[in-house]
Amino acid sequence: MNFNLDKDLVFFDIEATGTDVVKDRIVQIALIKYLKDGGEPIEKNLLINPQYPIKPDALKVHGITVDMVRNQPTFAECADELLEFLGEADLAGYNSNRFDVPMLIEEFARIGKTFSIQNRRLIDALQIFYKMEPRTLKAALKFYCNKELENAHDALSDTKATADVLLGQIQRYEDTDYIDRDGQRTEKPIKNDMQALYEFISDNKNVDFTGRFSRNSEGVIVFNFGSNKGQEAYKNPQTLKWIISKDFPAQVKNIAKAILNGKIK
C-alpha cells in the first residue's frame, strides 16, 4: 500500500548531542521524501558538525563520536540544502512533535533563518500508537487477559485487575527476549519472580521517584530539571538549599540534604 498524498511528505529523524531541544545540537539528520506525484522516495542523510560537546548519554545511544563529525559541515552550511529538500512538505516522524521538529526549528533560528510549520501537517506515529493502544488499566486487562474491566476506578476492582494484568504479562512474555534501543539483548527477563521483575523495570539512573535527580554516566548525582539540568548536584549547594526550602516532595528534599551533608554524591 502506498501513501495517499496531496502534497509531499518528509519522514525525518534527528540524532543530537543531547535531549535538550534548546541547548543541544544536531549531529545527524536523515530524511526520506515521498512525492505527491509518485515515484521513488528520495533519501538524504547528513552528518553535521555540531560545534558543541556530545554528551556521554547521547553517545551511548547513537554512537556518533566527535571524530566522526569533526570534518563534516555545520548546520549553517547545510541549512539551505535542507530548506530546499523540505520545501513545503508535511513532516512525519516518531516522537517528532516533542523532539525532532522543535530541535529543527531551534537550529534554523540559531542561524537567523525561519523554519515555519504553518501549513505543514505534522504526523507523529508515536501519537497514533498512544491513541490506538492506550496504556490504561482497562486496555491492559483487555490486551493481556481478554477481560473487560467492570467498576473501573473502584479501588478494589482496579487492584484485582492489576493482579490479573501482571499474571497475564508473565504468561505472555515468559519466553520472550528483550532487546533495548541499543540492540542489547536480555534473555527472557520476564519471570514469575519479583526480584527479576524489579530489576527489569527499575530505572537505575533516577535517584528519586519524581526524577528530579538522576545519575550521569560516571554515577554522580545530577539535577534532572530546570536550568541546572545535567549539572553535578554536589557542586551546587545553593540550588540544593533552594530545593530544601521549596515545595518539593520529601524524598527529593531528603536527597538534597544528604548531598549537602556529604552523605551521598
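Figures for the structure shown
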{"read-out": "Candidate set: segment 14-31, residues that are of a type outside the set (Lys, Arg) and surrounded by fewer than 17 Cβ atoms within 10 Å (Cβ to Cβ); chosen: the one nearest to Glu106 (Cα to Cα)", "value": "Val22"}
{"read-out": "Exclusive hit being in the same structural domain as Lys44 (by TED's automatic domain parsing) and surrounded by 15 or more Cβ atoms within 10 Å (Cβ to Cβ), set Glu88, Glu77, Glu106", "value": "Glu106"}
{"read-out": "Looking only at segment 181-196, and only at residues there that are without any contact (Cβ under 8 Å) to a residue 12 or more places away in the chain and not in a loop (DSSP other than H, G, I, E, B), the one that is nearest to Leu167 (Cα to Cα)", "value": "Met194"}
{"read-out": "Which listed residue, of Glu77, Glu40, is free of Cβ contacts under 8 Å to residues at least 60 places away in the same chain, among the acidic types (Asp, Glu) and either within 23 Å of Glu218 (Cα to Cα) or part of a helix (DSSP H, G or I) (or both)", "value": "Glu77"}
{"read-out": "Search result, residues across segment 3-26 that are farther than 22 Å from Val69 by Cβ and touching a residue at least 24 places away in the same chain (Cβ under 8 Å)", "value": "Phe3, Leu5, Asp6, Lys7, Asp8, Leu9, Val10, Phe11"}
{"read-out": "Test: residue in segment 92-103 that is within 26 Å of Pro73 (Cβ to Cβ), of a type in the set (D, E, K, R), within 18 Å of the chain's Cα centre (by Cα) and surrounded by 14 or more Cβ atoms within 10 Å (Cβ to Cβ)", "value": "yes"}
{"read-out": "Test: residue in segment 111-127 that is touching a Leu at 6+ places or on another chain (Cβ under 8 Å), in a loop (DSSP other than H, G, I, E, B) and free of Cβ contacts under 8 Å to residues at least 12 places away in the same chain", "value": "no"}
{"read-out": "Answer residue from segment 211-225, given it is part of a loop (DSSP other than H, G, I, E, B) and out of contact with any helix residue (DSSP H, G or I) (no Cβ under 6 Å at 6 or more places or on another chain) and is nearest to Ala250 (Cα to Cα) among those", "value": "Gly211"}
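A quick yes/no check of all residues on (1) surrounded by 14 or more Cβ atoms within 10 Å (Cβ to Cβ); (2) over 30 Å from Val222 (Cα atoms); (3) within 22 Å of the chain's Cα centre (by Cα); (4) charged (D, E, K, R):
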{"position": "Lys33", "(1), (2), (3), (4)": "yes, yes, no, yes"}
{"position": "Asn45", "(1), (2), (3), (4)": "no, yes, yes, no"}
{"position": "Asn71", "(1), (2), (3), (4)": "no, yes, no, no"}
{"position": "Arg110", "(1), (2), (3), (4)": "no, no, no, yes"}
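The values are calculated or read from the model by the stated rules, or taken from the named source; none is laboratory data. Since this is a predicted model, take the numbers as computed values, not measurements. We place every Cβ from the backbone using ideal geometry, glycine too, and count neighbours over all the protein chains shown.
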